[in-house]
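Student: One structure follows; several queries about it will come next.
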Amino acid sequence: MKDNISYIPENKQDKKWGLTVCSLGIQKVGPGETYPPPKHNPEYMFNPAVGRVLSEYQLLYITEGRGRLVTEHGGSFDIKAGNMFLIFPGEKHSYYPDPETGWSEYWIGFKGSNVDSRKEEGFFSPRKPVYDIGYNEKVIELYREAFLTAKRQESFFQQLLAGIVNHLLGLMFMTDGNNRLLPDEEGRMIVNRARAYMQESVETDLRMPEVAEYVGVNYTTFRTLFKQYTGLSPAQYFINLKIHRAKEMLRSTSASIKEISIILQFENPEYFATQFKKKTGVSPTEFRKR
């Protein structure tokens, strides 16, 4: 995972939209490495032993490793892969990865009346800053899309970023709520491990019985569990991952359609194009033009 950090100025017109993005980043911190890495703007740097106060919300997603979060009103929380946590403006806080494991994090900072009103209505509270969503490739895709949008800074990009933040908050709220309603912790862990393995293997010709073997259950049980928790069969889910990755490559690389089909291990370019259009409604060429 390549580290990327961006800080974004806001203007008066953007503020009228009700939500503006101030900062965002993707970074991997290895075991024993300094945290925060010494590449942030000075106003964002802090000593984890002391903590800091921000003037914006920050939404972080941890995909690997574990660590600790301490907040003024919420207390202390053990953070693990699959957790998202929300930092509130004016709230003293500190967070850091475990030196033994490090962690991989995605984060986005934002502010505005749009989010303030949800806090006032009780949807989000400083007393409950941590959300357990497991490994979710859609969330990762949204963070990556936000970074590419911020990097391009096309006209009205702040309004698009606001939509991405709203999507992230909605997914976090929904997924955490559904997870708390599902009592089968073991089944959820199996599915989350499988999804993480499939994400890591998206550029391979992975077979679903291999995934079942990886998570330690027979294929029939695995397929039933997976569909119960995701609404999709494992094979459909894996194809969706490949299509998501293809969209990312079409947006951000100059690789040809044929090259992308080979990288993602489709049978041939024609089959890739058929599956892409089936899932998105347009051909890979049309998608790239748009």
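Student: Which condition breaks for Val202 when tested against (1) open to solvent by 80 Å² or more (accessible area, probe 1.4 Å); (2) in a loop (DSSP other than H, G, I, E, B)?
Tutor: (1)
Student: If Gly134 satisfies all but one of (1) under 16 Å from Trp17 (Cβ atoms); (2) open to solvent by less than 10 Å² (accessible area, probe 1.4 Å); (3) part of a loop (DSSP other than H, G, I, E, B), what's the number of the condition it fails?
Tutor: (1)
Student: For segment 257-277, check the following and say yes or no: at least one residue is of a type in the set (D, E, K, R), open to solvent by less than 80 Å² (accessible area, probe 1.4 Å) and in a helix (DSSP H, G or I). Show your work before the answer.
Tutor: If we filter segment 257-277 for residues that are of a type in the set (D, E, K, R), which is where we start, we get 258-259, 267, 270, 277.
Within this subset, residues satisfying the condition of being open to solvent by less than 80 Å² (accessible area, probe 1.4 Å) are none.
Looking through segment 257-277, none of the residues is of a type in the set (D, E, K, R), open to solvent by less than 80 Å² (accessible area, probe 1.4 Å) and in a helix (DSSP H, G or I).
Student: Right, something else. In segment 160-172, is there at least one residue being part of a helix (DSSP H, G or I), closer than 23 Å to Pro129 by Cβ and β-branched (Val, Ile, Thr)?
Tutor: Taking every residue of segment 160-172 in turn, at least one turns out to be part of a helix (DSSP H, G or I), closer than 23 Å to Pro129 by Cβ and β-branched (Val, Ile, Thr).
Student: Within the set of pairs 6+ apart or on separate chains, which have a first residue in segment 62-82 that is surrounded by fewer than 18 Cβ atoms within 10 Å (Cβ to Cβ), a second that is outside any strand (DSSP E or B), and C-beta atoms under 6 Å apart?
Tutor: Close Cβ pairs satisfying both conditions: Arg66/Asp98; Arg66/Thr101; Glu72/Glu91; Glu72/Lys92; His73/Pro126; His73/Arg127.
Student: Shifting gears a bit: I'd like the full set of residues that are part of a loop (DSSP other than H, G, I, E, B), touching a residue at least 40 places away in the same chain (Cβ under 8 Å) and farther than 28 Å from Ser117 by Cα, limited to segment 1-14.
Tutor: If the condition is that a residue be part of a loop (DSSP other than H, G, I, E, B), touching a residue at least 40 places away in the same chain (Cβ under 8 Å) and farther than 28 Å from Ser117 by Cα, then Met1 is the only one that fits.
Student: Under 6 Å by Cβ, and 6 or more places apart or on different chains, what pairs join a residue from segment 99-112 that is touching a residue at least 24 places away in the same chain (Cβ under 8 Å) and under 13 Å from Val29 (Cα atoms) with one that is of a type in the set (Gly, Ala, Ser) and not in a loop (DSSP other than H, G, I, E, B)?
Tutor: Thr101/Gly65; Gly102/Gly65; Trp103/Gly65; Trp103/Gly67
Student: Between a first residue in segment 204-228 that is aromatic (Phe, Trp, Tyr) and a second residue that is not in a loop (DSSP other than H, G, I, E, B), which pairs have beta carbons less than 6 Å apart while being 6 or more apart in sequence or on different chains?
Tutor: Pairs that qualify, where the first residue is aromatic (Phe, Trp, Tyr) and the partner is not in a loop (DSSP other than H, G, I, E, B), are Tyr214/Tyr197; Tyr219/Pro209; Tyr219/Ala212; Phe222/Ala212; Phe226/Val191; Phe226/Pro234.
Student: A further question follows. Quick one: which residue in Thr71, Thr20, Thr63 is of a type in the set (Val, Ile, Thr), in contact with a Ser or Thr (Cβ under 7 Å, 6 or more places away or on another chain) and within 30 Å of Gln158 (Cβ to Cβ)? Break it down into steps so the answer makes sense when it comes.
Tutor: Details: Thr71 fails: in contact with a Ser or Thr (Cβ under 7 Å, 6 or more places away or on another chain); Thr20 fails: in contact with a Ser or Thr (Cβ under 7 Å, 6 or more places away or on another chain).
One residue alone meets the criteria, Thr63.
Student: Exactly one condition in (1) without any contact (Cβ under 8 Å) to a residue 24 or more places away in the chain; (2) buried (at least 17 other Cβ atoms within 10 Å of the Cβ) is false for Leu24; which is it?
Tutor: For Leu24, the exception is condition (1).
Student: Now a separate question. Criterion first (β-branched (Val, Ile, Thr), within 25 Å of the chain's Cα centre (by Cα), assigned to a loop (DSSP other than H, G, I, E, B) and under 30 Å from Gly177 (Cα atoms)) does Val211 satisfy it?
Tutor: Values: β-branched (Val, Ile, Thr): yes; within 25 Å of the chain's Cα centre (by Cα): yes; assigned to a loop (DSSP other than H, G, I, E, B): no; under 30 Å from Gly177 (Cα atoms): yes.
The answer is no for Val211.
Student: Go through (1) in a loop (DSSP other than H, G, I, E, B); (2) farther than 19 Å from Gly187 by Cβ for Leu241 and report which single condition fails.
Tutor: (1)
Student: So which of Met249, Met174 is under 24 Å from Leu59 (Cα atoms) and not charged (D, E, K, R)? Step through it out loud before you land on a result.
Tutor: Values: Met249 fails: under 24 Å from Leu59 (Cα atoms).
So the residue among Met249, Met174 that is under 24 Å from Leu59 (Cα atoms) and not charged (D, E, K, R) is Met174.
Student: Please go through segment 15-52 and give me each residue that is closer than 22 Å to Leu161 by Cβ, under 23 Å from the mean Cα position of the chain (by Cα) and outside any loop (DSSP other than H, G, I, E, B), ordered by number.
Tutor: Scanning segment 15-52 gives Thr20, Val21, Cys22, Ser23, Leu24, Gly25, Ile26, Gln27, Tyr44.
Student: Oh, and also: Taking segment 233-252 as the search range and keeping residues that are of a type in the set (S, T, N, Q) and at pLDDT 90 or above, which one is least open to solvent (accessible area, probe 1.4 Å)?
Tutor: Ser233
Student: How many of the residues making up segment 96-130 are open to solvent by less than 10 Å² (accessible area, probe 1.4 Å) and hydroxyl-bearing (Ser, Thr, Tyr)?
Tutor: Of the residues in segment 96-130, 2 are open to solvent by less than 10 Å² (accessible area, probe 1.4 Å) and hydroxyl-bearing (Ser, Thr, Tyr).
The values are calculated or read from the model by the stated rules, or taken from the named source; none is laboratory data. Because the structure is predicted, anything quoted here is derived from the model rather than measured. In this analysis, Cβ positions are derived from the backbone assuming ideal geometry, glycine residues included, and neighbour counts consider all displayed protein chains. Note: areas computed on protein heavy atoms with side chains; ligands, DNA, RNA excluded. Shrake-Rupley method; radii C 1.70, N 1.55, O 1.52, S 1.80 Å.
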